1. If I filter the stretch 210-229 for residues that are touching a Pro at 6+ places or on another chain (Cβ under 6 Å) and charged (D, E, K, R), do I get at least one hit?
2. What are the residues in the stretch 270-295 that are over 11 Å from the mean Cα position of the chain (by Cα), assigned to a loop (DSSP other than H, G, I, E, B) and under 18 Å from Ala377 (Cα atoms), if any?
3. Failed condition for Gly183, given (1) surrounded by fewer than 17 Cβ atoms within 10 Å (Cβ to Cβ); (2) touching a residue at least 24 places away in the same chain (Cβ under 8 Å), with all others met?
4. Please indicate, with yes or no, whether at least one residue in the stretch 426-441 is closer than 19 Å to Gly307 by Cα, in a helix (DSSP H, G or I) and among the basic types (Lys, Arg).
5. Kindly evaluate Leu378 against the criterion of being of a type outside the set (Ser, Thr, Tyr), modelled with pLDDT of 95 or more and touching a Ser or Thr at 6+ places or on another chain (Cβ under 8 Å).
6. Suppose the filter is at pLDDT 95 or above and part of a helix (DSSP H, G or I); does Arg370 pass it?
7. Restricting to the stretch 308-335, what's the tally of residues that are farther than 18 Å from Ala232 by Cβ and either outside any helix (DSSP H, G or I) or modelled with pLDDT under 95 (or both)?
8. If a residue counts only when it is among the aromatic types (Phe, Trp, Tyr) and closer than 29 Å to Ala333 by Cβ, which strands (runs of 3 or more DSSP E) contained entirely in the stretch 495-565 have at least 1 such residues?
Amino acid sequence: MRTWVSSALVALAFVAASPVLAASERAATSKRTPITYEVSPRLSGQDLIGLGVTITFNADADGETRLELPDKWMGRTELWRNLSDLTVEGADSVVEDSPGARMIRARPGRRLVLRYTVNATLPHEPRQSDGYPSKPWLRPSWFYADGPSVMVIVEGREDSPVRFQWSKAWPKAFTLASNLEDGQDADPRDSVLIGGRDLRIVRSGPVRVALRGTYPFADVDFASALDAIVRAERDFFGDVPDTPFLVTAQSLAIDDGGTFSGTGKHQGFAMTLTPNLSLDEVRVLLAHEIFHTWNPSRLGKVIGPQGYWFSEGFTDFYARRLMMRQRQVTPQAFLDAWNETLLRYGTSPIIAMPGEEAAAKFWSGSGEDRLAYQRGALLAAIWDQRLRASGSSLDAVLHAQAALHARSSDTPLPLAFVEAAKAQGLDVAPDIKAHIDRGQPIRLPPDAFAPCARVEDVVVPTFDLGFEPQVDGAGVRTVTRLRPDSPAARAGLHEGAVIVSKRRGVNGDATQPYDLIVREGEGPEHAVSFLPQGSGEAHYQHLVLTPEASRNPALCDFQATPPRR
């Protein structure tokens with residue numbers, strides 16, 4: 001009897017376990033099976049009107065497979081509204097799980113083919129006011145699309161192999177590029193796609209540059225500068241130097257001043273810029289964007305805007321430092337970049353905004369985003385000076401932080417830095433609480449940049465443009481709310497005048513003249529020049545190159561010094 005019961009239990013256990021085991025095997029098989037993404041054109045005659053995306057994958061083992069549609073990115077929301085005609089071949093049913101998600105019901109392991117269209121969102125050629133393609137830019141002869149705004153994801157397949165291909169339906173006149181071509185198994189959301197009849201491809205070492213538009217520098221010089229930056233930053237983190245790296249670039253029609261925008265990608269980054277920026281001006285900006293390949297993904301768990309003081313501020317800090325060490329910039333250009341930060345920070349009307357409020361308003365477009373860059377970079381300089389004085393360096397902290405993250409990837413980015421700094425003998429928690437959390441203004445100590453530069457205090461009039469430029473949908477800028485007592489009005493600027501171009505002037509800098517070319521009604525164009533100064537005073541710090549560093553640029557490399565005895 002006892003033997004019979006035992007045999008029966010074994011038999012029952014086998015029957016009960018078989019479906020579970022099979023489901024487990026199917027789940028494992030689904031996750032091991034590659035997910036294939038294919039991008040094709042949607043054409044009307046010869047004009048591109050959309051992108052077709054086809055994703056092939058296997059259904060989940062429990063019969064329900066959830067899709068995540070594009071939703072939030074760079075302050076945009078409901079990005080799924082740009083998608084249409086979503087169908088799933090092989091599904092028994094597809095239902096809306098939420099506006100940004102779909103639930104597929106299908107036999108476990110069945111081959112599914114998802115198809116949808118990405119629609120155009122840009123009704124004109126891109127201007128400075130358009131910024132960056134956080135929503136897909138599609139024009140009749142070209143496109144520029146960011147992964148987070150166009151790629152649908154199969155939930156729970158983060159570890160699945162990913163394959164990418166361009167459809168054979170693309171016209172031969174189109175040149176195409178994506179970092180997914182080089183980055184096998186990359187997260188599709190960490191991608192960029194660009195193509196066009198006038199897209200140019202230039203290579204330098206491991207760097208492939210795909211760019212459209214006009215620039216004041218040669219394509220080959222641009223690629224060479226990027227190659228130097230990539231190699232310097234890979235060397236800093238000890239990475240393989242020859243892994244492919246894609247850079248995509250689109251020029252913007254100028255509205256006011258110069259603009260550079262971009263974001264890091266898997267083995268690459270995507271950018272936009274106005275054609276009035278020289279290569280020397282954008283080198284450090286390029287170094288910033290490329291450094292995002294490692295910061296934050298290799299240094300800690302991303303926590304959103306609350307951690308941007310580290311991911312953005314430290315990236316600014318190292319972009320400048322590594323370019324200086326590689327002699328990609330001169331000592332004076334290195335300090336000029338720092339002085340721009342010090343000026344904007346010191347004269348900011350929101351310098352004392354608490355960190356929680358600044359993080360909440362990061363994407364508001366009112367200047368709160370710059371606080372994260374400024375605070376993080378200035379604190380990095382202060383902490384590095386303290387570490388170098390004790391025989392260590394911020395370099396050592398970041399290398400230790402990267403090693404810590406490789407062992408334990410769940411530590412939030414700022415906390416990972418706090419722990420790595422503490423291991424080097426530096427307690428940064430009080431500074432974070434004072435300057436990041438409470439918003440207490442940061443001041444550089446006199447020796448923060450010694451022996452490269454000395455820190456000086458500057459007092460200047462407050463910046464006051466005297467009017468508000470208003471940009472319409474066609475990119476035309478008009479003078480509005482002009483104050484009669486302003487320097488601009490006294491110089492001859494009138495309400496309603498159209499600003500044709502700005503020849504000179506820096507927003508936020510009251511010491512630099514503004515030179516505008518304007519037009520009133522049908523009248524001729526004429527120049528207006530004025531100093532954008534208000535009645536108040538602004539106080540900020542400024543770096544001055546030392547005579548020793550002007551003779552010996554290595555003094556601006558900031559290597560660790562022996563500890564004081």
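1. no
2. Hit for the stretch 270-295 is Trp294, nothing else.
3. Of (1) surrounded by fewer than 17 Cβ atoms within 10 Å (Cβ to Cβ); (2) touching a residue at least 24 places away in the same chain (Cβ under 8 Å), only one is false for Gly183: (1).
4. Step one: list which residues in the stretch 426-441 are closer than 19 Å to Gly307 by Cα, which gives 427-441.
Going one step further and asking which of them are in a helix (DSSP H, G or I), we end up with 429-437.
Cutting the leftovers down to among the basic types (Lys, Arg) gives us 433.
So far as the stretch 426-441 goes, yes, one or more of its residues are closer than 19 Å to Gly307 by Cα, in a helix (DSSP H, G or I) and among the basic types (Lys, Arg).
5. Working: of a type outside the set (Ser, Thr, Tyr): yes; modelled with pLDDT of 95 or more: yes; touching a Ser or Thr at 6+ places or on another chain (Cβ under 8 Å): yes.
For Leu378, the condition - of a type outside the set (Ser, Thr, Tyr), modelled with pLDDT of 95 or more and touching a Ser or Thr at 6+ places or on another chain (Cβ under 8 Å) - is met.
6. Numbers: at pLDDT 95 or above: no; part of a helix (DSSP H, G or I): yes.
The answer is no for Arg370.
7. Taking the stretch 308-335 first, the residues farther than 18 Å from Ala232 by Cβ are 308-313, 332, 335.
Retained after the next criterion (residues that are either outside any helix (DSSP H, G or I) or modelled with pLDDT under 95 (or both)): 312.
Residues in the stretch 308-335 being farther than 18 Å from Ala232 by Cβ and either outside any helix (DSSP H, G or I) or modelled with pLDDT under 95 (or both): 1 in total.
8. On the way: elements: 498-504, 514-519, 526-530, 533-545.
Qualifying strands (runs of 3 or more DSSP E): 514-519, 526-530, 533-545.
The values are calculated or read from the model by the stated rules, or taken from the named source; none is laboratory data. For clarity, every value in this text was computed on a predicted model and none was experimentally measured. Counting neighbours? That spans all protein chains shown, and the Cβs are built from the backbone with ideal geometry, glycine included.
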